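Trainee: What follows is a structure written as structure tokens; I'll ask about it next.
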Amino acid sequence: MSDDNHRTPLFFKGGHLAAEDEPVLFSANVLVEDGKITRVGEDVEAPANARVIDCQGKVLMPAMYDVHVHAREPGGEAKETIAACSDAAINGGVTGMVLMPNTIPAIDSSAMVQSVLDIAEASSRIPILTSGCITKGRAGKELAGIAGMHAKGVPVLTDDGSPVSNPVVLRRAMEYAKDFGLILASHCETMELSGRGAMNEGAVSYRLGLPGIPAISEEICLDRDIRLAQYTGAHVHIQHVTTARGMEAIRWFKGQGVKVTCEVAPHHLIFNEEDIQDYDTNYKMNPPLRTAHDNAELLQGLIDGVFDVIATDHAPHTEFEKKTDFVSAPFGITGLESAVISLYHYFVKLGKFGWDLVVKRYSAEPRRLIGLDPVPIVEGGTAEFIVFDPNATTTFSRDFMCSKSVNTPFLDQTLDGQVWMVLREGEILLERN
Amino acid sequence: MTEEGLKPRKDLLDIESLDLEEIEFLLKTAGPFKELFSRSVKKVPALRGKTVLTLFYEPSTRTRTSFEIAANRLSADVTNFGVSTSSVVKGESILDTVDTLQAMRTDYIVIRHGDSGIPGLVAKHTRASVLNAGDGYHAHPTQALLDAFTLREVYPESAGKRVLIVGDILHSRVARSTSIILNKLGVEVSVLGPGSLVPPARHTFMHAFTNWGDALDWQPHVVYLLRVQLERQQEQFFPSLSEYHGVYGLTNRRVEILRQKGIYLMHPGPVNRGVEIADDAMKYERSLINQQVENGIAVRMAALYWLRPGTDERGGDS
Amino acid sequence: MNQPELTQECVLDEAGISGKIRELASSILEACRDDPPAAFIGIYTRGVTLAQRIQEALKEPWPDMQLGTLDISLYRDDLDNLGSTPVLRHTDIPFDIEGARIILFDEVIFTGRTIRAALHELIDFGRPSRIELAVLVDRGNRELPIQPDYVALTLDTTMREYVKVRFQENDDKEGVFLLRDSSK
């Protein structure tokens with residue numbers, strides 16, 4: 001079949017195209033031949049041998065790229081595998097990703113990087129990069145094998161899941177890693193302030209009687225890490241920003257010319273602490289859901305361009321692990337399969353922002369961040385795009401989801417929009433009836 | 001039927017979810033139960049043949065005994081499901097335990113747990129009625145009911161009365177549940193305690209005082225002392241137990257002021273003498289502490305009487 | 001509880017009730033002349049009213065008749081099957097019933113289950129020498145071997161009919177009514 005796909009030209013007829021920095025969609029037919037986009041235009045005709053795909057009412061946009069994914073392999077295969085994770089990515093319109101290194105054992109050496117890349121090579125349908133640890137075993141004490149991991153193509157170092165609590169260690173890591181052009185990604189948390197917290201500290205945590213994680217736990221660490229980057233000249237990437245104050249600090253430091261980039265997760269835009277009704281552990285993640293005010297401010301920051309990228313922090317956990325009390329349940333929710341649809345449902349559909357923002361922040365900029373080329377739908381470009389149907393709906397049922405885990409607030413919920421088709425190098429990775 | 005009644009619920013998990021009619025029903029029903037205690041036969045057959053299981057992941061002899069007596073006086077069969085408190089008990093194994101209890105055809109489960117939300121989790125996985133006997137910092141609904149009942153005994157017209165809750169508001173499920181029930185009944189609630197133990201994001205109806213002088217100027221009708229967990233001092237919430245006693249405790253001098261003003265004293269027990277309360281204050285004539293204990297049995301009987309196992313699946317009517 | 005299409009027939013009006021209460025009082029007086037009862041105990045709600053009325057009617061021969069009240073909710077055998085949990089009223093027996101002759105009052109006797117519960121509850125207070133039962137209406141259809149000692153009115157009814165006694169003290173009007181579900 002896939003050979004046939006390569007040979008048979010694909011003609012996407014009558015769709016609307018989205019591109020970064022193009023606030024208005026434009027109508028165009030798209031011809032794909034031999035994995036390349038050969039023609040784009042309203043008056044382009046289908047060649048006689050082409051398969052014509054009716055895209056009336058649908059939106060074509062560059063495929064997404066996620067720089068923050070926990071594929072759990074090795075060590076957490078009950079939660080997720082690289083194979084399932086890549087299927088989940090495709091299911092959500094994502095055709096490339098950077099994995100986090102908090103596997104068991106952690107990805108803290110060139111050998112571990114190689115073994116993950118080997119698994120990906122054998123089982124993933126999309127290209128995968130992995131990040132590496134800053135410190136050995138993510139213990140925050142000794143630096144991991146940085147040069148070796150860099151040599152294997154690691155673009156980012158992070159101890160994600162934990163901060164590097166000792167500022168001396170992080171300082172050394174930054175000073176050392178910057179010469180390799182590596183990005184240091186920070187999970188910002190002051191562990192002493194987080195304590196055994198399970199959700200945002202505030203009125204809701206008080207009401208539910210749950211130990212809280214105060215916003216300052218994140219903000220103090222975020223401040224510290226950016227100042228270290230400012231001081232050392234390293235590129236720091238702040239992961240999953242959740243607070244308005246943290247975001248404002250980043251905005252200010254960016255103005256100072258500090259090499260800082262940052263990401264926001266869809267769930268931190270959509271949900272807040274008030275959604276944690278009835279101790280539903282599918283709303284438990286770290287950093288936690290904050291307040292409605294933060295939702296609004298983060299959204300504005302995304303529109304303003306404070307956030308360089310959207311990333312899901314896809315963090316699968318088994319139903320067994322999540323089916324417990326809120327304090328004992330592990331942090332994290334899945335996101336790859338719901339990201340584009342939820343961004344459409346909650347924002348694009350309501351006119352909060354356009355598809356151009358989604359393309360920029362979840363497709364183009366993530367690729368640029370780690371040194372890849374974006375994949376715009378232009379003549380001569382690689383055919384790596386998705387066809388989105390805004391008139392269809394998606395129900396996030398167990399059957400629908402490809403991830404091995406179903407720990408998402410969207411479980412069994414129906415949202416507007418559907419990832420209808422996914423292409424990479426001209427190959428149809430996903431096609432719904 | 002000529003009897004007027006109230007549709008039962010399956011579980012009693014917190015005060016927040018009860019409406020005023022339900023609270024009033026429970027308080028009203030506790031009265032006749034308390035009258036039973038002065039009869040020679042203190043037992044009624046309402047729950048004959050039913051099984052009540054107590055499941056205490058945090059040790060509390062008082063609360064457990066109170067529930068056991070309540071269940072016994074309703075003629076239920078009561079068993080304590082011995083939970084090892086020494087071993088670490090995780091949420092997963094709780095659901096396993098619930099399956100076991102389900103297989104034993106338990107009708108009522110009385111549960112106390114150190115983590116908030118566990119009784120609700122258990123309730124979702126069993127047909128048995130679940131009574132929350134205290135979960136984490138979250139809720140202790142029967143304590144709240146007995147506090148409200150006790151307040152009504154001294155002030156039958158409780159609306160508009162003022163209750164000052166003193167101590168560790170942050171870590172207290174009692175403060176949460178009791179303040180909510182008092183608020184629902186129209187009682188004004190204020191709090192007093194160290195700044196480290198009075199969270200700013202508390203319920204908005206609770207005004208916070210920072211010292212006894214201001215708090216007593218507010219003219220409370222009842223001072224409600226909370227138990228101070230000794231480990232809070234090790235966690236640096238306040239410098240020392242003696243400093244706590246001096247600044248926030250009910251000292252002998254402050255008892256004297258309470259006496260002059262005719263203010264009642266409540267405490268959920270057990271008390272830490274010399275910390276939140278001076279030794280002599282235990283003999284204070286307007287102390288309602290023992291009354292609270294007795295009323296605890298009556299409101300727990302009312303709760304057991306009202307709840308109906310399996311109600312949610314079957315619907316209330318038959 | 002919705003009551004669809006009930007037809008209502010008044011079998012005893014206010015004056016009729018007064019007459020029946022006088023008859024009931026005199027038959028109690030007649031039977032107990034030599035051994036007056038120590039107390040009347042009414043079963044909530046209208047049994048209490050009935051007991052009060054009989055106490056009032058017999059004020060002259062027995063000026064010191066004690067009155068008790070009984071709420072049988074906790075002794076019911078059908079608590080599990082009720083749509084709602086009954087409100088408890090004050091069971092008030094402020095006297096010693098040990099060795100005493102007691103007359104129990106209820107407005108209607110039907111299956112006998114209420115009386116069964118009342119007897120059980122009463123005996124938890126002590127051991128009376130004798131317990132008798134007085135009712136305004138006996139509507140038959142007994143499910144237990146319990147019979148009243150004093151009856152003012154006997155009605156032949158079916159299980160589909162309801163007998164409703166209304167007293168001024170408890171209801172807006174007074175009378176004995178036979179309710180029938182006409183939809184069946």
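The values are calculated or read from the model by the stated rules, or taken from the named source; none is laboratory data. These figures come from a predicted structure and were not determined experimentally. Ideal geometry is used to build each Cβ from the backbone, glycine not excepted, and the neighbour counts take in all protein chains shown. What goes into the accessible areas is simple: the full protein's heavy atoms, side chains included, and nothing from ligands, DNA or RNA. Shrake-Rupley method; radii C 1.70, N 1.55, O 1.52, S 1.80 Å.
Trainee: How much of A:W420 can a 1.4 Å solvent probe reach, expressed as accessible area in Å² and rounded to 10?
Mentor: About 40 Å², rounded to the nearest 10.
Trainee: Which of the chymotrypsin sites (Phe, Trp or Tyr not before Pro) found in the range C:23-118 are loop residues per DSSP with 16 or fewer other Cβ atoms within 10 Å of their Cβ?
Mentor: Loop-located and lightly packed - C:F95.
Trainee: Here's something else I'd like to know. Tell me, what is the per residue accessible area of the range B:141-293 in Å², probe radius 1.4 Å?
Mentor: 39
Trainee: Here's something else I'd like to know. Say a site is exposed when it is one of the chymotrypsin sites (Phe, Trp or Tyr not before Pro), sits in a DSSP loop, and has at most 15 other Cβ atoms within 10 Å; what is then the longest site-free stretch of chain B?
Mentor: Result for the longest clean stretch: B:38-204.
Trainee: Spelling out what I want: for every residue of the range A:140-151, take phi, set θ = phi - 60°, compute 6.51 cos²θ - 1.76 cosθ + 1.60 (Karplus), and round to whole Hz; glycine and proline get x.
Mentor: Residue by residue, the range A:140-151 yields x, 10, 10, 5, 6, x, 5, 4, x, 5, 4, 5 Hz.
Trainee: Turning to a different aspect of this structure: Keeping every protein chain in place, order A:Y283, A:Y176 by accessible area at 1.4 Å, biggest value first, i.e. largest first.
Mentor: Solvent-accessible surface, decreasing: A:Y176, A:Y283.
Trainee: Further, regarding this structure: Please give me, ordered by residue number, the trypsin sites (Lys or Arg not before Pro) of the range A:160-269 that lie in loop per DSSP and have at most 13 other Cβ atoms within 10 Å.
Mentor: Loop-located and lightly packed - A:R196.
Trainee: To one decimal place, what Kirkwood hydrodynamic radius in Å is obtained for the protein assembly as shown from all pairs of distinct Cα atoms?
Mentor: 32.8
Trainee: Would you grab the residues whose amide H sits under 5 Å from the one on A:S186? Only those 5+ places off in sequence or on another chain, please, with H modelled 1.01 Å from N.
Mentor: For A:S186, the qualifying residues are A:H237, A:I238, A:Q239.
Trainee: Aspartates and glutamates near A:K141 by alpha-carbon distance under 15 Å, same-chain residues fewer than 8 away left out - which ones?
Mentor: The reachable aspartates and glutamates, counting only those whose Cα sits under 15 Å from A:K141, are A:D108, A:D159, A:D160.
Trainee: Stokes-Einstein diffusion coefficient for the range B:141-293 at 20 °C in a medium of 1.002 mPa s, Rh from the Kirkwood formula over Cα pairs: what value in µm²/s?
Mentor: 141
Trainee: With n ≥ 4 as the cut-off for DSSP H runs, can you work out [θ] at 222 nm for the protein assembly as shown, using -39500 (n - 2.57) per run divided by the number of residues, rounded to the nearest 500?
Mentor: Value at 222 nm, helices only, nearest 500: -9000 deg cm²/dmol.
Trainee: Right, something else. Could you derive backbone 3J(HN,Hα) for the range A:281-292 from the dihedral phi with the Karplus parameters 6.51, -1.76 and 1.60 (θ = phi - 60°), listing whole Hz in sequence and x where the residue is Gly or Pro?
Mentor: 6, 6, 10, 9, 8, 10, x, x, 5, 9, 10, 4
Trainee: Hey, another quick one. Any chance you could look up the accessible area of C:I123 with a 1.4 Å probe, heavy atoms only, rounded to 10 Å²?
Mentor: 100
Trainee: Ok, one more. Per residue Cα convex hull volume for the range A:1-158, in cubic angstrom?
Mentor: Spelled out: Cα convex hull of the range A:1-158, divided by residues, is 145 Å³.
Trainee: Measure of size requested: the Rg and Dmax of chain C, with Cα atoms as the atom set and Å as the unit; please supply both.
Mentor: Using the Cα atoms of chain C, the pair Rg, Dmax is 16.4, 51 Å.
Trainee: Would you grab the residues whose amide H sits under 5 Å from the one on C:V108? Only those 5+ places off in sequence or on another chain, please, with H modelled 1.01 Å from N.
Mentor: Under 5 Å from the amide H of C:V108 lie the amide H atoms of C:L136, C:V137, each far enough along the sequence or on another chain.
Trainee: With a/c under 1.5 counting as rounded, go ahead and sort the range A:127-205 into rounded, prolate or oblate using the C-alpha gyration tensor (a ≥ b ≥ c being the square roots of the eigenvalues; past the cut-off, prolate if a/b is larger than b/c, else oblate).
Mentor: It comes out prolate by the Cα gyration axes.
Trainee: Another question, if that's okay. State whether the range A:63-369 is rounded, prolate or oblate according to the following rule on the C-alpha gyration tensor (a ≥ b ≥ c being the square roots of its eigenvalues): a/c under 1.5 gives rounded; otherwise a/b larger than b/c gives prolate, and the remaining case gives oblate.
Mentor: Judged from the Cα gyration tensor, the range A:63-369 comes out rounded (a/c under 1.5).
Trainee: Pull up the DSSP beta bridges for the protein assembly as shown and report the antiparallel fraction as a percent, rounded to 5.
Mentor: Just about 35 percent of them are antiparallel.
Trainee: Can you give the accessible area per residue of the range C:1-126, in Å², using a 1.4 Å probe?
Mentor: 45
Trainee: Ok, one more. Can you give the angle from 0 to 90° between the axis of helix A:82-91 and the longest principal axis of chain A, with both taken from C-alpha atoms, to the nearest 10?
Mentor: The answer is roughly 60 degrees.
Trainee: Can you list the aspartates and glutamates whose alpha carbon is less than 20 Å from that of A:K349, not counting same-chain residues fewer than 8 positions off?
Mentor: Qualifying aspartates and glutamates at Cα under 20 Å: A:E20, A:D21, A:E22, A:E297, A:D304, A:E337, A:D389, A:D416.
Trainee: A follow-up question, please. Using a 1.4 Å probe and counting only protein heavy atoms, arrange A:M191, A:M174 so the residue with the most accessible area comes first.
Mentor: Ranked from most to least accessible, the order is A:M191, A:M174.
Trainee: How much of A:E42 can a 1.4 Å solvent probe reach, expressed as accessible area in Å² and rounded to 10?
Mentor: Answer for A:E42: close to 140 Å² accessible.
Trainee: What list of ³J(HN,Hα) couplings, whole Hz, do you get for the range A:247-261 from phi and the Karplus terms 6.51, -1.76, 1.60, once you set θ to phi - 60° and write x for glycine and proline?
Mentor: 5, 5, 4, 5, 4, 5, 5, 4, x, 7, x, 6, 7, 10, 10
Trainee: Starting from the residue with the highest accessible area, list B:K34, A:K284 in decreasing order, probe 1.4 Å.
Mentor: B:K34, A:K284
Trainee: List the cysteines in the protein assembly as shown whose Cβ has no other cysteine Cβ under 4.7 Å from it.
Mentor: If one checks each Cβ against the other cysteines of the protein assembly as shown, A:C55, A:C85, A:C133, A:C262, A:C402, C:C10, C:C32 turn up with nothing under 4.7 Å.
Trainee: I'd like the carbon and sulfur percentage of the solvent accessible area for the range A:250-353, probe radius 1.4 Å, heavy atoms only, ligands and nucleic acids excluded.
Mentor: Roughly 49 percent of what the probe reaches on the range A:250-353 is carbon or sulfur.
Trainee: With the full set of protein chains in place, find how many percent of the accessible area of the range B:141-293 is carbon and sulfur; take the probe as 1.4 Å.
Mentor: Solvent-exposed carbon and sulfur of the range B:141-293 make up 49 percent of the total.
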